[in-house]
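Nothing in this text is a laboratory measurement; each read-out follows from the coordinates by a stated rule. These numbers come from a predicted model, not from an experiment. With ideal geometry, Cβ positions are generated from the backbone for all residues, glycine too; neighbour counts draw on all protein chains shown.
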Amino acid sequence: MDEKIQKKLAILSDAAKYDVSCASSGSTRKNTGNGIGNGVAAGICHSFTDDGRCISLFKILMTNHCMYDCAYCVNRRTNDRPRATLSPQEIVDLTIGFYRRNYIEGLFLSSGVIKNPDFTMERMVLTAKKLRTEENFYGYIHLKAIPGASSELIEEAGIWADRLSVNMEIPTEPNLKKLAPEKNYPDIISPMTQIRDSILISKEERRKYRSAKLFAPAGQSTQLIVGATPETDREIILLSSGLYKNQNLKRVYFSGYLPVNDYDKRLPAISRPPLVRENRLYQSDWLMRFYHFKAEEILTEDHPFLDLDVDPKLGYALRNMHLFPVDINKADYEMILRVPGIGVLSAQKIIMARRHRRLTTLTLKELGVVLKRARYFITCNELAAKFSDWDPVRLKRQLVINSHSKYKKSLDSQLKLFADFKPVLPTLH
Amino acid sequence: MKIYTYDNSFEGLLTAVFECYSRKDFPVDICARNTQSRYLFLENVDIHTDPQKAERVWKGVQAKMSGANKQLLFYAFLSEEQGIEMKIYRFLRRLFSGYMNLETDYGDSDVMSLTQSSQKVKKEAMRIMQFVRFQRTKDGMFFCGIEPKFDVLPLVVTHYQKRFADQRWLIYDLQRNYGVYYDKNEVKEVEISKKQFNAFNGQVKQALLDEGEDFYQKLWRSYFKHINIEERKNLRLQLQHMPRRFWKYLPEKQAGA
């Protein structure tokens with residue numbers, strides 16, 4: 001018995017690892033005193049795997065059997081892999097066992113689609129319900145909404161879960177049709193819209209009545225695969241910005257394409273996952289969510305791809321040299337946020353601290369500002385603006401040479417020469 | 001020219017501050033009684049901790065500090081840095097002289113270094129929330145031994161109390177030799193004299209462990225291995241988030257069968 005579970009766990013966690021989301025934040029579900037678990041709004045990461053990603057939730061597939069045959073997915077029907085299915089009770093026991101030992105913050109349950117979307121979704125909802133009602137579990141639950149599941153089931157899922165997510169995977173519809181002929185955009189968008197509306201309704205009701213039911217209090221998220229299809233970064237950023245605005249998403253995750261099915265000729269042949277590109281996309285995502293940037297400011301029409309050498313904020317500054325240098329002691333918050341090397345926390349602290357006295361570079365350094373980058377774009381008391389007449393190209397060279405980037409190796413021009421032989425944008429047939 | 005000595009408790013420090021005011025004194029240094037004296041020819045004033053005086057000072061602090069910063073001084077004190085007492089003292093002098101929003105004056109070196117120290121302590125408390133791993137014993141208690149850099153167990157008690165309201169647990173500070181124990185009703189401070197666990201890595205003796213414990217640890221190790229994506233290997237990032245000093249407490253980092 002024990003051995004069987006162990007085997008299943010190995011297969012199903014192996015199959016679940018390509019889901020990026022692991023956030024346990026945004027929910028403050030409170031333990032009422034007799035149960036187990038308590039939400040922490042900031043989320044807690046309990047461990048970190050060798051790839052540096054955090055383990056916050058117990059991320060598992062209910063089953064890796066799947067009736068679909070999506071080209072980008074490791075669990076596609078036609079792949080010859082070991083398959084397994086965990087029963088709702090088994091998942092509940094594992095989650096509680098791990099949670100009680102403080103290994104995890106909660107459960108992230110996803111699944112391959114068996115029989116039909118409704119059947120699958122029903123079992124997932126049942127698992128969440130068991131955790132909440134039978135085990136008095138107040139920890140975090142993230143449920144994947146299966147595209148095509150009925151709206152009643154999604155409604156119930158939202159009652160038990162803290163976060164719901166529907167994965168878009170491929171950023172444009174024609175490309176989705178090519179890689180996953182059995183899926184379609186309406187099936188993805190309609191549950192997303194339903195979840196958005198239910199969250200808004202529940203929020204509104206809870207404003208009036210305290211006892212009104214919670215619906216996915218930590219919001220919803222989605223995931224996009226980057227590099228499997230030839231979309232430009234600009235398209236991806238615009239899409240995610242649209243999702244934040246129109247669908248009220250909490251997060252859009254990017255997943256650098258891993259060649260899991262390299263025999264499929266519809267997919268590009270790559271030797272390494274596009275980790276730098278993924279990182280730059282996340283940085284742009286951060287700029288939109290925390291730095292008040294608009295999607296159109298990050299990438300213009302004539303530069304549809306993000307610069308891999310420098311981060312998007314620095315790229316923006318180099319394109320808009322006329323806005324700099326910024327006087328740290330006078331400029332407003334919005335402008336200080338746009339200086340490369342100054343983060344949200346530092347910017348806030350600068351605003352508070354300069355009410356008391358004039359700030360010097362020493363203070364900036366202690367506040368955590370990365371002067372190595374920032375000093376080209378600011379003036380601050382004794383620090384004069386001596387770089388403002390520099391040519392952006394020269395400035396960029398200077399910055400790249402001085403940086404000890406973790407991606408330095410991949411930026412080496414020698415290597416790049418060889419990398420360029422590979423088609424960067426594969427044509428889809 | 002005087003130095004004040006106190007008993008190395010936060011209350012003691014607050015009492016010392018109270019005494020400074022009541023004696024109209026400005027000491028050269030305030031240091032713990034048991035530390036080696038760094039001064040040769042200074043007059044020494046020994047302060048006896050008085051909870052009432054400490055309470056009065058603390059109330060004054062609470063009235064003058066705003067929301068999130070109310071605990072700033074206590075957190076900074078927990079960092080046990082050398083010379084933190086005088087920073088706190090100078091901070092309080094300015095605070096009580098009527099300076100508004102003092103805690104945001106980051107251009108001042110005392111405020112800055114107090115903020116940084118308190119950040120360090122808060123980070124360590126966060127780590128204790130992350131990396132505590134309970135082992136279930138035969139009598140149904142969940143035990144964890146761990147060695148925080150600073151004395152942060154008091155800061156995480158409420159977190160664990162709320163979270164594991166329906167199980168008995170004990171978190172033991174291996175270095176400072178005390179622990180907090182929750183018996184489903186209240187939290188108590190305990191000191192264990194006859195240790196049934198390894199004082200190095202907090203591992204409970206095999207004979208006392210619950211039968212299911214090994215199984216869950218094995219499952220967790222297997223999960224940890226399988227959720228990793230080999231193509232994205234990035235050990236530096238892992239190390240950055242999960243410092244090596246915690247590895248000996250983590251079941252997923254043990255070789256184990």
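Observations on the model:
- Residues whose placed amide H lies under 5 Å from that of residue A:256, excluding near-sequence neighbours: A:226
- Angle between chain B longest axis and helix B:10-22 axis [Cα atoms, degrees, rounded to 10]: 10
- Extents of region B:132-253, largest first, come to 47, 34, 27 Å (Cα atoms, principal axes, whole angstrom).
- Solution diffusion estimate, µm²/s, Stokes-Einstein, region A:15-131, Kirkwood Rh from C-alpha pairs, 20 °C, viscosity 1.002 mPa s: 138
- Å³ per residue enclosed by the Cα convex hull of region A:154-303: 129
- Share of pairwise Cα separations in chain B, more than 26 Å, in percent: 53
- Fluctuation leader among A:356, A:292, A:303 - chain A, Gaussian network, Cα springs under 10 angstrom: A:356
- Extending 7 Å from the Cα toward the beta-carbon at both residue B:230 and residue A:401 defines two label points whose distance is 4.2 nm.
- Separation of the residue B:253 and residue A:189 label points, Cα + 7 Å toward Cβ, nm: 4.8
- With each label modelled as a point 7 angstrom along the Cα→C-beta vector, the residue A:307-residue A:7 pair spans 5.5 nm.
- For chain A, the longest principal axis of the C-alpha atoms and the axis of helix A:275-290 are separated by about 80°.
- Under DSSP loop assignment and at most 15 Cβ neighbours within 10 Å, longest chymotrypsin sites (Phe, Trp or Tyr not before Pro)-free interval of chain B: B:100-199
- Non-local lysine pairs in region B:2-124, meaning eight or more places apart or on different chains, with alpha-carbon distances under 22 Å, amount to 21.
- Helical runs assigned H by DSSP (4 residues or longer) give chain A a calculated mean residue ellipticity at 222 nm of -12000 deg cm²/dmol, each run adding -39500 (n - 2.57) before division by the residue total.
- Cβ-Cβ FRET estimate between residue B:52 and residue B:82, R0 fixed at 25 Å, reported to 0.05: 0.30
- Residue order for A:48, A:290, fewest other beta carbons within 10 angstrom first, comes to A:290, A:48.
- Computed log10 I(q)/I(0) for region A:2-292 at 0.11 Å⁻¹: -0.63, from the Debye equation with unit scatterers placed on every C-alpha and solvent omitted.
- Lysine pairs in region A:209-365 whose alpha-carbon atoms fall under 14 angstrom of each other, counting only those eight or more residues apart or on distinct chains, come to 4.
- DSSP beta bridge pairing in chain B, given as percent antiparallel to the nearest 5: 50
- Reachable lysines, given that their alpha-carbon falls under 25 Å from the alpha-carbon of residue B:138 and they are not under 8 places away in the same chain: A:4, B:162, B:184, B:188, B:194, B:195, B:205, B:218, B:248, B:253
- Rounded to the nearest 10 degrees, the inclination of helix A:344-353 to the longest alpha-carbon principal axis of chain A is 50 degrees.
- Ranked packing of A:234-241, B:238-245, most packed first, by mean Cβ within 10 Å: A:234-241, B:238-245
- Cys residues of chain A that find no other Cys beta carbon under 4.7 Å: A:22, A:66, A:380.
- The calculated FRET efficiency for the pair residue B:21 and residue A:344, based on their C-beta separation and a Förster distance of 45 Å, comes to about 0.70.
- For q = 0.14, 0.23 Å⁻¹, Debye-computed log10 I/I(0) when each Cα of region A:107-197 counts as one equal scatterer: -0.49, -1.15
- Surrounding net charge for residue A:61, when Lys and Arg each add one and Asp and Glu each subtract one, Cβ distance under 13 Å: +4
- All distinct Cα pairs of the protein assembly as shown go into the 1/r average, and the inverse of that average, the Kirkwood radius, is 28.2 Å.
- Stretchable slack from residue A:382 to residue A:290, in nm (0.36 nm times residue separation minus alpha-carbon distance): 30.2 nm
- Structure-based [θ]222 nm, chain B - -39500 (n - 2.57) summed over DSSP H runs of at least 4, per residue, nearest 500: -13000 deg cm²/dmol
- Residues in region A:214-247 that a label on residue A:207 would reach, taking backbone N under 20 Å of a point 7 Å out along Cα→Cβ: A:214-220, A:245-247
- Residue-wise HN-Hα coupling along region A:188-196, computed from phi with Karplus coefficients 6.51, -1.76, 1.60 (Hz; x: Gly, Pro): 8, 6, 5, x, 4, 5, 4, 5, 4
- Karplus-derived 3J(HN,Hα) values for region B:160-174, using 6.51 cos²θ - 1.76 cosθ + 1.60 with θ = phi - 60°, are 6, 5, 5, 5, 10, 5, 10, 9, 7, 9, 9, 10, 10, 7, 5 Hz; glycine and proline are entered as x.
- Residues residue A:152 and residue A:89, FRET efficiency given R0 of 22 Å [Cβ-Cβ distance, rounded to 0.05]: 0.45
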